[in-house]
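A.B. asks: Okay, handing you the structure first.
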Amino acid sequence: MSAPITYRQPVSRLWWLKKRTYFLFVLRELSSIFVAWFAVFLMIMVVAIGRGEAAYQNFLNWAASPVVIVINVVALAFLILHTVTWFALTPQAMVVRGPGSRRALATKEVNVAGRWVPAATVVRVGGRLPAAAVIASQYAGLIVVSAFIAWLVL
């Protein structure tokens, strides 16, 4: 006897275009390619700087070509999307407690081999920071680090 055949509804290859959230999800995943591009681009620049003035000038000439400029502008747009969506997702993935939070010892009954025995557990008591505060602190950190790098480079 053969296994029953189940009906599987076909899914369009453009399923991600039907809802804005799906579209942003796919764009965010695609943005990782451009993050990798920027990392490689910066490594090539560091290697060129290390090889001397002539190699660095060759790198600058290559980087000034229209194709590389267009790639970098598109990559910058994707990097901004990546950063904004990453910062927006952080409060959902990480619980940040405020200064008033503390750990408290609590006991509860657990079933061990059919018997209920008391067990101690540590619970967190206190306020969770609002998502907006977590996101704002990330942007503040980004601004501080970017200002430091700009000061260092310029």
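A.B. asks: Could you check region 1-112 for helices (runs of 4 or more DSSP H) lying wholly inside it with 1 or more residues that are under 19 Å from the mean Cα position of the chain (by Cα), surrounded by 10 or more Cβ atoms within 10 Å (Cβ to Cβ) and modelled with pLDDT under 95?
C.D. replies: 20-51, 66-93
A quick yes/no check of all residues on (1) closer than 21 Å to residue 27 by Cα; (2) in contact (Cβ under 8 Å) with a residue 12 or more places away in the chain; (3) of a type in the set (Ser, Thr, Tyr):
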site	(1), (2), (3)
40	yes, no, no
43	no, no, no
47	no, no, no
50	no, no, no
53	no, no, no
58	no, no, no
69	yes, no, no
82	yes, yes, no
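The values are calculated or read from the model by the stated rules, or taken from the named source; none is laboratory data. As the structure is a prediction and not an experimental result, all values here were calculated from the model. So basically every Cβ, Gly included, is an ideal-geometry build from the backbone, and we count neighbours across all protein chains shown.
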